[in-house]
Structure formats: C-alpha cells, structure tokens
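J.: Pasting a structure here, questions to come.
Computed from the coordinates by the stated procedures, all read-outs in this text should not be read as laboratory data. Since we're looking at a predicted model, the values are computed, not measured. Neighbour counts run over all protein chains shown; Cβ positions are idealised from the backbone, glycine included.
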Amino acid sequence: MAVQISPSILSADFSRLAEEARAVEGADWLHVDVMDNHFVPNLTLGAPVVEALSRATDTPLDCHLMIEDPDRWAAGFVEAGAGSVTFHAEAAAAPVRLAREIRAKGARAAMALKPATPVEPYEDLLPELDMLLVMTVEPGFGGQAFLDITLPKIRRTRELIAKHGLEMWLQVDGGVSADTIERCAEAGADVFVAGSAVYGADDPAAAVRALRRQAEE
Ligand code: DX5
Ligand code: ZN
C-alpha cells in the first residue's frame, strides 16, 4: 500500500489560491472541497475554480463533492480537470451509474461515507469505485477534531477491500494530523487528506513530507 497525501485547499488563503496550490508541490493530490450549503452547512467553490486550479498546478485534483444531486454535477468537475471525483453515498441517487460516468469521462471515481453511514450496504458496489472515502469528521468545515469512532469502519473497509481482492484506495478526511495519522494508517487507510495540518504549518511542503513519513512508519 503506497501512502498518498492530499492537502485540502479549504484551509489555504483563498485570495492566493494559485500560490497556495503550488506551495504543496510533492503532494500526490490537491484535495478540493466543493460545498453547496445544502448537503453541508457551508459554501465553497464550484467547477470554474476547479478549472482555474487545474491550470495553476501540475498536482492532480482530488475533488470532494459535498453537494446534493452529484448525479447531475459530477461530470462537470471531470471536464473542469479533476483527476478524481468523490461523491457522497448519502447524496447520490444512482451511485453505480454515477461512478461509471466519472470513469468513462476519464477520472477516478470515489464515494464518501459520513461518520454515521455504514460501509456494509455498499460492499457489492466497491468494484465500481477507485477509492472509498471514510469521513473522520462530519463534513462541512476544516479544523475539526478527529472522530475516533470512525476507526472501526476504516478497519472494516480495509477488510472488505482485501476480501474482494480490490486495488481500490481507502481515503480518510477530517482531523488528520501528526497526532492522528498513525491511527488511520494502522487501521488501513492509504490516502490522507489534511487541511489545517498542512496549510496551518509555516512550511506546507515540509508538513506534507512529515505526514508521509509518519504514515509510512
Ligand atoms: C471537511 C472537508 C475536509 C477538510 C479537512 O468537510 O471535507 O477536506 O478540509 O480539514 P482538516 O484537515 O483541517 O480537518
Ligand atoms: Zn474533503
């Protein structure tokens, strides 16, 4: 399992997005949180900003859609340049069709689960996905405390991936930091989103390297 780090631009300075995107060169992905003020009580950015970010950095974009009706909007984020598009299980009307559409358009397809959403009902759907995202906070805001109650679900998801012999990645997002990343890695996560732990650091690129070292231990 190769460790990947995906810094979340949500914790960056939005007045300097291009520079902030380039401040984490060496990261595997740049995580872009799209919020619609309906699925979550916060509003961030849409496909035009994703398109601008894709021109500002060579780091591939990992778009996390915290929006209602992702069935309607996800393809537009692939067209805007996302290399990976994550929709929420709680919001998708037709997750299999949606995952196939994202893949057909040329991006990796991923599905996210809020902390209280179990993974078991989605076991048969896993082969349709390139990544499963287990949220480790309630989605909506950066800088929240990591929820330890999500660790058993990370473990169960890793077991299901192994049981089916899948290549898919297991991402964690929310409260991931020097204090919590080892717990996540030990439970079986291999893709780590970190917002405040990276952009709150004096040297974001060094923070990415430090998180990677910790996760690899
Ligand atoms: C929260 C977002 C996260 C957020 C993580 O809803 O999905 O990606 O930016 O921020 P930290 O790492 O600060 O918890
Ligand atoms: Zn996110």
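J.: Please give, to one decimal in nm, the separation of the simple spin-label points placed at Arg55 and Glu167, each 7 Å out from Cα toward the Cβ.
T.: With each label point 7 Å from Cα toward Cβ, the separation is 3.3 nm.
J.: Any idea how far the Cα center of region 123-186 sits from the one of region 1-72, in Å?
T.: Cα centres, region 123-186 to region 1-72: 18 Å.
J.: Can you tell me the length gained on complete extension of the stretch Glu120 to Asp179, counting 0.36 nm per residue apart and subtracting the Cα distance?
T.: Full extension of this stretch gives 18.4 nm more.
J.: By count of other Cβ within 10 Å, fewest leading, how are Leu113, Leu61 ordered?
T.: Working: Leu113 20, Leu61 24.
In increasing order of surrounding Cβ atoms, one gets Leu113, Leu61.
J.: What residue among Gly195, Asn37, Pro60 has its Cα farthest toward the positive end of the dipole of region 4-216, where the charges are +1 on Lys, Arg and -1 on Asp, Glu, each on the Cβ?
T.: About the Cα centre, the residue reaching furthest to the positive side is Pro60.
J.: Next question. Before anything else, pin down the relative contact order of region 4-216: Cα pairs under 8 Å, at least 6 apart, normalised by residue count, whole percent. Walk me through the numbers on the way to the answer.
T.: Details: 451 pairs, mean separation 43.3, N = 213.
Answer for region 4-216 is 20 percent.
J.: For every helix of n ≥ 4 consecutive DSSP H residues, a contribution of -39,500 (n - 2.57) applies; sum these over the chain, divide by its total residues, and give [θ] at 222 nm rounded to the nearest 500 deg cm²/dmol.
T.: On the way: 8 runs with 73 residues, N = 217.
That calculation yields -9500 deg cm²/dmol at 222 nm.
J.: A further question follows. Under a plain spin-label model, where a point goes 7 Å from the Cα along Cα-to-Cβ, how far apart in nm are Glu25 and Val96?
T.: Computed distance between label sites Glu25 and Val96 equals 4.5 nm.
J.: Still on this model: Rank by packing, highest mean first: peptides 129-137, 87-95, 116-124, with packing defined as the count of other Cβ atoms within 10 Å averaged across residues.
T.: For the peptides 129-137, 87-95, 116-124, the packing ranking is 129-137, 87-95, 116-124.
J.: Next up: Per 5 Å bin, what percent of the C-alpha pairs of the chain does each bin hold, from zero upward?
T.: 1, 8, 17, 21, 22, 17, 10, 3, 0, 0
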